[in-house]
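Undergrad: One structure, pasted below without further comment.
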Amino acid sequence: MKISRLKIHPIAIADPPLRGSYGLHAPFALRTVIELESDSGFTGIAESYGGDGPIAAFEAVRGIVEGADPFRLAELSRRIGTRLDPAGTAGVPGGTSQTYLVPGENPLDLHNRTFAAIEIACLDLIGKAVGKPVCDLIGGRVRDRVQFSAYLFYKHAGGGGIAGEAYPDEYGEIMDPAAVVRSAKQMIAQYGFKEIKLKGGVLPPDDEIAAIRALRHEFGPMVPLRIDPNCAWSVDTSVHVGLSLDEELDGGGYLEDPCPGLDGMGEVRRRLVAKNVDTPLASNVAVTNFADVPRARDLDAVQIVLSDPHYWGGLRAVQTLSNICEVLKMGLSMHSNSHLGVSLMAMTHCAAASPNLTYACDTHYPWQVEKDEIVEGGRVRFVDGAVLIPDKPGLGVSLDYDQLARGRERYQKIPFRKRDDTAEMRKHVDPNWERILPRW
Ligand code: GKR
Ligand code: MG
């Protein structure tokens with residue numbers, strides 16, 4: 001079997017005004033959907049980061065992908081790496097890390113994130129050709145259902161989209177503990193999630209401590225809680241939050257990327273342990289590729305690595321990471337970014353075939369809506385907070401081409417070509433806003 005054609009579809013999807021230490025989400029998130037047509041008549045699909053950068057990267061590797069054998073993934077990865085990262089900088093730990101860049105804009109993972117989409121589409125293609133689900137092609141599933149967590153955000157009023165195409169505001173404004181609890185109840189009632197993550201780094205730390213306490217008060221100790229300020233806190237503040245939330249983050253919760261850098265996280269860990277607080281630290285910012293893992297481990301800076309097939313280099317890379325974490329006695333979970341159903345299914349297959357997965361995965365899916373879904377048959381369903389592996393070949397979803405065309409039209413109509421939460425923050429909230437790390 002040979003890949004005969006790579007099709008690249010830039011799309012835009014409405015995104016509510018979610019806040020984070022990066023700033024403010026734009027009214028549309030950008031995604032790229034790719035299709036790999038083959039000479040056998042089957043087509044594989046994948047979803048990745050959107051905008052000019054990712055599209056240029058796919059165009060740059062078109063000549064490598066078209067004509068390639070979709071089974072020869074290691075060779076494809078090597079050739080894509082040679083094209084996109086000739087100096088091999090992606091193997092260098094530290095440097096330009098995700099700390100200062102929004103996901104999808106890190107030059108260090110250009111190779112991995114471009115290859116990841118190609119790998120996922122190849123696996124979908126192979127799965128369809130041999131009649132097997134993707135998770136069973138890559139070594140086989142260890143679970144049939146993958147748990148996800150309720151991913152809460154502080155948020156301004158509005159449902160995303162712009163004039164003429166403003167979307168309903170499902171969750172309303174979320175700027176205080178009561179609204180955080182309300183949004184959690186709403187999301188859990190709809191999806192059945194059993195763990196909760198709060199995106200922090202938005203309000204002063206004591207306000208966010210109050211929000212986590214309110215969640216604990218409402219849901220009790222059986223619902224694990226985690227908070228992720230995306231490096232907005234200093235070491236001292238991280239220790240203060242860790243000590244204050246000792247009880248609330250206990251029992252399956254964690255503190256995610258509290259401060260910038262592995263050295264800082266190592267110090268936070270030491271100071272918490274010295275006070276008998278064993279809350280694990282998780283990261284999708286200080287550990288973004290294999291080269292970061294040994295240092296994270298040596299410094300005991302990170303106890304849980306947050307994988308993501310989209311930038312770690314695909315599903316098989318995450319399986320490798322899962323094995324490494326198991327050997328190093330580190331936990332593993334999964335990070336997410338604004339996405340639709342094709343990505344959700346890739347994450348689900350990946351998690352299903354990664355044995356050492358110790359927490360419910362993140363997903364932004366509740367923040368997107370049916371109107372923008374490009375998957376045939378509409379949005380992927382959750383059962384008790386989990387996505388089930390469908391009894392279908394490949395990823396188990398196919399494209400609704402009318403919906404895809406609508407996504408493309410939306411993309412053509414809007415001015416955004418790159419995620420820039422700082423620009424949005426300046427436009428809508430504070431003209432002088434700067435991303436300061438640490439802020440508190
Ligand atoms: O969507 O604003 C967001 C998130 O903050 C996202 O970009 C992060 O990458 O979910 C992410 C995280 O866990 O850091
Ligand atoms: Mg994070």
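Undergrad: Relative to the present Cα-Cα distance, how much length would full extension add between D298 and E326 at 0.36 nm per residue of separation?
TA: Once the chain is fully extended between D298 and E326, it gains 8.6 nm.
Undergrad: Still on this model: If one computes the Cα centroid of segment 23-86 and of segment 296-315, what distance in Å separates the two points?
TA: About 22 Å separates the Cα centre of segment 23-86 from the one of segment 296-315.
Undergrad: While we're here: Give me the percent of DSSP beta bridges within segment 136-395 that run antiparallel, rounded to the nearest 5.
TA: On the way: 5 of 24 bridges.
Approximately 20 percent, going by the DSSP bridge assignments.
Undergrad: Carbon and sulfur together cover what percent of the accessible area of segment 136-395 at a 1.4 Å probe radius? Present the calculation step by step, with values, prior to reporting the outcome.
TA: Details: 4600 of 8790 Å².
C and S fraction of accessible area: 52 percent.
Undergrad: Another question, if that's okay. Please report the antiparallel percentage of DSSP beta bridges with both residues in the chain, rounded to the nearest 5.
TA: Once the DSSP bridges in the chain are tallied, antiparallel ones form about 55 percent.
Undergrad: With the chain treated as a Gaussian network of Cα nodes joined by springs under 10 Å, which of I389, I227, I304 yields the largest mean-square fluctuation?
TA: With Cα springs under 10 Å in the chain, the top fluctuation among I389, I227, I304 is at I389.
Undergrad: Sticking with this one: Ranked highest first by the average count of other Cβ atoms within 10 Å around their residues, in what order do 130-139, 289-298, 46-55 fall? List each step's numbers first, then the result.
TA: Numbers: 130-139: 19.1, 289-298: 17.4, 46-55: 23.4.
Put in order of decreasing packing, that is 46-55, 130-139, 289-298.
Undergrad: Would you check the accessible area of D144, probe 1.4 Å, heavy atoms only, in square angstrom rounded to 10?
TA: That residue has around 90 Å² of solvent-accessible surface.
Undergrad: Would you kindly calculate the translational diffusion coefficient of the chain, applying Stokes-Einstein with the Kirkwood radius from alpha carbon pairs, for 20 °C and a viscosity of 1.002 mPa s, and quote it in µm² s⁻¹ without decimals?
TA: Working: Rh = 21.7 Å.
Estimated diffusion coefficient is 99 µm²/s.
Undergrad: Largest first, how would E37, E170 line up by accessible area (1.4 Å probe)? All intermediate terms of the calculation are to be shown ahead of the outcome.
TA: Details: E37 45, E170 80 Å².
Order by accessible area, largest first: E170, E37.
Undergrad: Continuing with this model, one more query. Find the centroid of the Cα atoms in segment 121-166 and in segment 324-386, then give the distance between the two in whole Å.
TA: 5 Å
Undergrad: Among all helices in the chain defined by DSSP H, which have a length of 15 Å or more along the axis from Cα atoms plus a Kyte-Doolittle mean of at least 0.0? Kindly include the intermediate steps, with their values, before the conclusion.
TA: Details: long enough: 73-84 (16 Å, -0.10); 110-130 (30 Å, 0.88); 177-191 (21 Å, 0.19); 205-219 (21 Å, -0.45); 262-274 (18 Å, -0.12); 315-327 (19 Å, 0.64); 341-352 (16 Å, 1.22); 401-413 (18 Å, -2.22).
The qualifying helices are 110-130, 177-191, 315-327, 341-352.
Undergrad: Continuing with the same structure: How large is the charge dipole for the chain, taken about the Cα centre, if only the Cβ atoms of Lys, Arg (+1) and Asp, Glu (-1) carry charge, to the nearest 20 debye? Spell out each step's value before the answer.
TA: Details: 48 positive and 58 negative charges, 133 e Å.
My answer is approximately 640 debye.
The values are calculated or read from the model by the stated rules, or taken from the named source; none is laboratory data. Model, not experiment: these values are computed from the prediction. Please note: Cβ atoms are built from the backbone with ideal geometry, for glycine as well, and neighbour counts cover all protein chains shown. The protein model used for the area step is the full one, side chains on, heavy atoms only, and it has no ligands, DNA or RNA in it. Shrake-Rupley method; radii C 1.70, N 1.55, O 1.52, S 1.80 Å.
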